[in-house]
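Novice: Pasting a structure below so you can have a look.
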Amino acid sequence: MLKGTVHKYGANVDTDAIIPARYLNVSDPAELANHCMEDIDEDFVKRVKRGDIMMAATNFGCGSSREHAPLAIKAAEISCIIAKSFARIFFRNAINIGLPLLECDQAVDKTEAGDTLEVDLSNGRIKNLTNGMEFEAKAYPDFMAELISAGGLVEYTKKRLDSRRV
Amino acid sequence: MTLVEKILAEHSDNKGVSPGEFINVRVDLVMSNDITAPIAIREFKRLGVDRVFDPGKVVMVPDHFVPNKDIASAEQAKLMREFAHEQGIIYFELGEMGIEHVLLPEQGLVLPGEVVIGADSHTCTYGALGAFATGMGSTDIAMAMATGDIWMKVPHTIRLVYHGNLGEWVGGKDLILHTIGDIGVDGALYSAIEFTGEAIEALSMDGRFTMANMAIEAGAKAGIFGVDNKTQLYVKSRAERSYLVYEPDNGAEYSNVIEYDVSDIEPQVALPHSPANARPVSQVGNIEINQAVIGSCTNGRIEDMRIAAQILKGRKIHPGVRCIIIPGSQQVYLDALAEGMLGVFIRAGAVVSTPTCGPCLGGHMGVLADGERCVSTTNRNFVGRMGSTKAEVYLANPAVAAASAVMGKIASPEEIL
């Protein structure tokens, strides 16, 4: 069970906003995390606490394919992202590196920045502890659930390669 | 099946595939660059595999921060170079390199009917050749480098039909900006776009590359064109292996069909800070600019250079404007030289750079300061994209960018000719 404070953003947050290209001359997640969201939310890095939850409207993570974006968010110790929809490359990248994403329109509409949420990743249930409302995120397709439970794409691929060798 | 479904079915050994289905797809080429390769290499090593699946199908291109802009980017380029040499994969060093999406088609590395994945969102550019090409992240690319395949969810296909004749100074950039302005930056989210219609048939290959390139700006997984005589002509002199041409079935199912009449479309300008803020250049108003950039994976090809040269010939860049022109590859650079364009640019007061992504993503070679405005033939005008978060980027075609550089404000080519 995840529990954390919400940092909320609007629609079409692009990966240049999540991690500006001027910091892409390094790929160390901890260094990237120091600049996470800085162009649209200067205080995010100071404010964020371990386990906090990021929330946004539609098309979160659009633009560049840079995996540095979910890496920076994960290294900033965000526990999961809830949005109405995600840009597809960001979606793949986040799942691949084990950063949980949930799609849920109502949760986004009925949650304010600063609210506290409790999220059960096993069934997609989201509880807003600030206003008492409960929501259910879209279920993952079976394949995606398998990928997530394997621990991300590298672990999933390791298993695949092992089974080929047998 | 749609064009995309046919290619994906063939590459997953399925008789047919349907939107929403998860499949494992064989890839014909796996690409990464100096920003995305370092993470891909790290993940590849974590997998514990020694060699890439096929060195002839893995390519790395240093193009974003090269020639290296600082020590950190030099370290990343070095890491990539060493891995490339150790694995014997396809690699283009400075002097041979170009912007990846200009370079790979030019070198015959992407052919019709193929599946290409790249750790760069503008990998969708190769859809202009009738290939299925899509951007992914570094981990996806790393796994495909090891196994030669990758999971995909079959996308729905949106069919965009363009009727009518293109006006003067109107090209692929204007059609795609107009389209994104219409459907929005998530108008094709999780979908593929099939571009078709008589206006598309009339479009040059360079114009098609520009359109396919920006399919991602509508959220699309891919933007694909049918193969015609122009495609065959482009590919014939470059291909060193055979390829297959696919066509969509007559009864193919599309999630949406949108028809445009292009006859009245003017050159388009996308205002800050979204590619969807597109409007006709005549409606932009008086916007003074400090910089004009002509180049990038979107508009750094020879046709783009020719259009810029046509406008800049015998004219001077406005004293308040820095004009930066970046041919997209060494071949484009050489062709521009042979055709006398470099002299035209330099005499006009522009600077001409070696190929690099440079300013497009605020890397180097033209980063913007607070309050500055730039008209650019690149693909994104997000907050902070080209430097300061207080700078503004206006996206346009090369004719508008060149005319604006001369006028000192956003201008239509018709205003100076």
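The values are calculated or read from the model by the stated rules, or taken from the named source; none is laboratory data. Here the structure is a predicted model, which is why all the values come from computation and not from measurement. So basically every Cβ, Gly included, is an ideal-geometry build from the backbone, and we count neighbours across all protein chains shown. To get the accessible areas, we keep the full protein, side chains included, count just its heavy atoms, and leave off ligands, DNA and RNA. Shrake-Rupley method; radii C 1.70, N 1.55, O 1.52, S 1.80 Å.
Novice: Counting Lys +1, Arg +1, Asp -1, Glu -1, what net charge surrounds B:D249 among other residues with beta carbon under 14 Å of its beta carbon?
Specialist: Summing Lys and Arg as +1 and Asp and Glu as -1 gives -2.
Novice: Report the extension gain between B:E259 and B:S237 in nm, rounded to one decimal, defined as 0.36 nm multiplied by the number of residues separating them, less their alpha carbon distance.
Specialist: Contour length minus the Cα-Cα distance gives 4.6 nm.
Novice: To continue, here is another question. What's the average, rounded to a whole number, of partner chain beta-carbon atoms within 10 Å of each residue's beta-carbon in A:52-63?
Specialist: The shielding value for this peptide is 3.
Novice: Just tell me which aspartates and glutamates come within less than 14 Å, Cα to Cα, of A:K158; anything on the same chain fewer than 8 places away is out.
Specialist: Within reach: A:E146, B:E43, B:D50, B:D140, B:D149.
Novice: Summing +1 for each Lys or Arg and -1 for each Asp or Glu, what net charge is found among the other residues whose Cβ lies under 14 Å from the Cβ of A:A137?
Specialist: Value of the local net charge: -2.
Novice: Ok, one more. For the pairs A:K138/B:K221; A:K46/A:K74; B:K15/B:K153; A:K8/A:K74, flag any whose C-alpha to C-alpha distance is greater than 19 Å.
Specialist: Where the Cα-Cα span goes over 19 Å, the pairs concerned are A:K138/B:K221.
Novice: Further question on the same structure: How big, on average over all directions, is the shadow cast by the Cα convex hull of region B:328-409, in nm²?
Specialist: Result: 5.3 nm².
Novice: Give me the one-decimal Kirkwood hydrodynamic radius in Å for region A:30-99, with the sum taken over alpha-carbon pairs.
Specialist: 12.1
Novice: Please state the shape class of region A:15-162: rounded when a/c is under 1.5, otherwise prolate if a/b exceeds b/c and oblate if not, all from the C-alpha gyration tensor.
Specialist: Details: a/c = 1.77, a/b = 1.05, b/c = 1.69.
In terms of gyration-tensor shape, oblate.
Novice: Which trypsin sites (Lys or Arg not before Pro) in region A:54-144 sit in a loop by DSSP (not H, G, I, E or B) and have at most 15 other Cβ atoms within 10 Å of their own Cβ?
Specialist: A:K110, A:K138
Novice: Relative contact order for region B:3-260 using alpha-carbon pairs under 8 Å, separation at least 6, rounded to a whole percent?
Specialist: 24
Novice: Determine the shape class of region B:161-228: with a ≥ b ≥ c the square roots of the Cα gyration tensor eigenvalues, call it rounded for a/c under 1.5, and otherwise prolate if a/b is greater than b/c, oblate otherwise.
Specialist: Here region B:161-228 falls in the prolate category.
Novice: Let me know the Rg and Dmax you get for the protein assembly as shown when you use only its Cα atoms, in Å.
Specialist: 22.7, 71
Novice: Ignoring ligands, DNA and RNA, how much accessible area is buried between chains B and A, both sides summed, with a 1.4 Å probe, to the nearest 100 Å²?
Specialist: Protein heavy atoms only, the B-A interface buries about 3800 Å².
Novice: Further question: Can you give the helix-only mean residue ellipticity at 222 nm for chain B, where every DSSP H stretch with n ≥ 4 adds -39500 (n - 2.57) and the sum goes over all residues, rounded to the nearest 500 deg cm²/dmol?
Specialist: Mean residue ellipticity, 222 nm, calculated: -9000 deg cm²/dmol.
Novice: Right, another one. Kindly rank B:380-389, B:83-92, B:348-357 from highest to lowest mean number of other beta carbons found within 10 Å of each residue. Intermediate results must be reported in sequence, preceding the final value.
Specialist: Details: B:380-389: 23.6, B:83-92: 17.3, B:348-357: 21.2.
So the order, starting with the most tightly packed, is B:380-389, B:348-357, B:83-92.
Novice: Which percentage, to the nearest 5, of the DSSP beta bridges contained in region B:3-260 is antiparallel? Could you put the intermediate results ahead of the total?
Specialist: Details: 5 of 33 bridges.
Of all bridge pairs located within region B:3-260, approximately 15 percent are antiparallel.
Novice: Another question, if that's okay. Short version: which residues of region B:120-167 lose at least 10 Å² of accessible area, all chains versus chain alone, 1.4 Å probe?
Specialist: B:S121, B:G135, B:M136, B:G137, B:S138, B:T139, B:D140, B:M143, B:T147, B:D149, B:W151
Novice: Ordering B:W151, B:W169 by how much accessible area each has at a 1.4 Å probe, largest first, what is the list?
Specialist: Largest to smallest exposure gives the sequence B:W169, B:W151.
Novice: Just reorder B:V367, A:V13 by solvent-accessible area, largest first, 1.4 Å probe, all chains present. All intermediate terms of the calculation are to be shown ahead of the outcome.
Specialist: On the way: B:V367 70, A:V13 10 Å².
Sorted descending by solvent-accessible area, the residues read B:V367, A:V13.
Novice: Further question on the same structure: Pull out a ≥ b ≥ c, the square roots of the eigenvalues of the alpha-carbon gyration tensor of chain B, then state rounded if a/c is under 1.5, prolate if not and a/b is larger than b/c, and oblate in the remaining case.
Specialist: Oblate is the answer for chain B, as a/c is 1.5 or above yet b/c matches or exceeds a/b.
Novice: A further question follows. How big is the charge dipole of region B:3-260 about its Cα centre, in debye rounded to the nearest 20, if each Lys and Arg gets +1 on its Cβ and each Asp and Glu gets -1 on its Cβ?
Specialist: Details: 20 positive and 37 negative charges, 95 e Å.
That gives region B:3-260 a dipole magnitude of about 460 debye.
Novice: While we're on this one: Starting from the residue with the highest accessible area, list B:V257, B:V375 in decreasing order, probe 1.4 Å.
Specialist: B:V257, B:V375
Novice: Please report the net charge: other residues with Cβ closer than 14 Å to the Cβ of B:R347, K and R +1, D and E -1.
Specialist: Net charge in that neighbourhood comes out at +3.
Novice: Please sort by residue number the trypsin sites (Lys or Arg not before Pro) in region B:231-268 whose DSSP state is loop and whose Cβ has at most 15 other Cβ atoms within 10 Å.
Specialist: On the way: sites: B:K236, B:R238, B:R241; in loops: B:R238, B:R241.
Here the sparse-neighbourhood loop sites are B:R238, B:R241.
Novice: Could you work out, residue by residue across A:10-22, how many beta carbons of other chains sit within 10 Å of that residue's beta carbon, and then give the average as an integer?
Specialist: Averaged over the peptide's residues, the number is 5.
Novice: In region A:148-166, what residues drop by 40 Å² or more in accessible surface going from the chain by itself to the full protein assembly, probe 1.4 Å?
Specialist: A:L153, A:V154, A:T157, A:K158, A:R160, A:L161
Novice: Next question, about the same structure. Which residue, chosen from B:I150, B:P67, B:M205, occupies the Cα position most advanced towards the positive end of the dipole of region B:3-260, where the dipole is computed from +1 (Lys, Arg) and -1 (Asp, Glu) charges on Cβ about the Cα centre?
Specialist: The residue sitting farthest along the positive end of the dipole is B:I150.
Novice: Sort out for me the Cα centre separation of region B:300-366 from region A:124-151, rounded to whole Å.
Specialist: With region B:300-366 and region A:124-151 each reduced to a Cα centre, they are spaced 50 Å.
Novice: Calculated FRET efficiency, B:A74 and A:D43, Cβ-Cβ r, R0 22 Å, to nearest 0.05?
Specialist: Plugging the Cβ-Cβ distance into 1/(1 + (r/R0)^6) gives 0.10.
Novice: Okay, next question. Take the eigenvalues of the Cα gyration tensor for region B:267-415, scale each by 5, and report the square roots as semi-axes in whole Å, largest first.
Specialist: 22, 17, 13
Novice: Taking amide hydrogens as modeled 1.01 Å from N in the peptide plane, which residues meet the under 5 Å criterion relative to B:S376, leaving out close sequence neighbours?
Specialist: Distant-sequence amide H within range of B:S376: B:V293, B:Y394, B:L395, B:A396.
Novice: Accessible area of the protein assembly as shown with a 1.4 Å probe: how many percent of it is carbon plus sulfur? Please list the in-between numbers first.
Specialist: Numbers: 9940 of 20760 Å².
Here carbon and sulfur together make up 48 percent of the probe-accessible area.
Novice: What are the residues whose amide H is under 5 Å from the amide H of A:L102, where those residues sit 5 or more places off or on another chain and H is modelled from the backbone?
Specialist: A:I81, A:I82, A:A83
Novice: Quick one: which of B:63-69, A:130-136, B:292-298, B:243-249 comes out on top by average Cβ neighbours within 10 Å, and what's the full order, highest first?
Specialist: Peptide ranking by packing, descending: B:292-298, B:63-69, B:243-249, A:130-136.
Novice: Given the whole protein assembly as supplied and a 1.4 Å probe, what does the accessible area of B:K316 come to in Å², nearest 10?
Specialist: We get 130 Å² for B:K316.
Novice: Here is a further query. State, to one decimal in nm, how far the label point of B:T354 lies from the label point of B:S388, with both points 7 Å from Cα in the Cβ direction.
Specialist: Using points 7 Å along Cα→Cβ, the separation is 2.9 nm.
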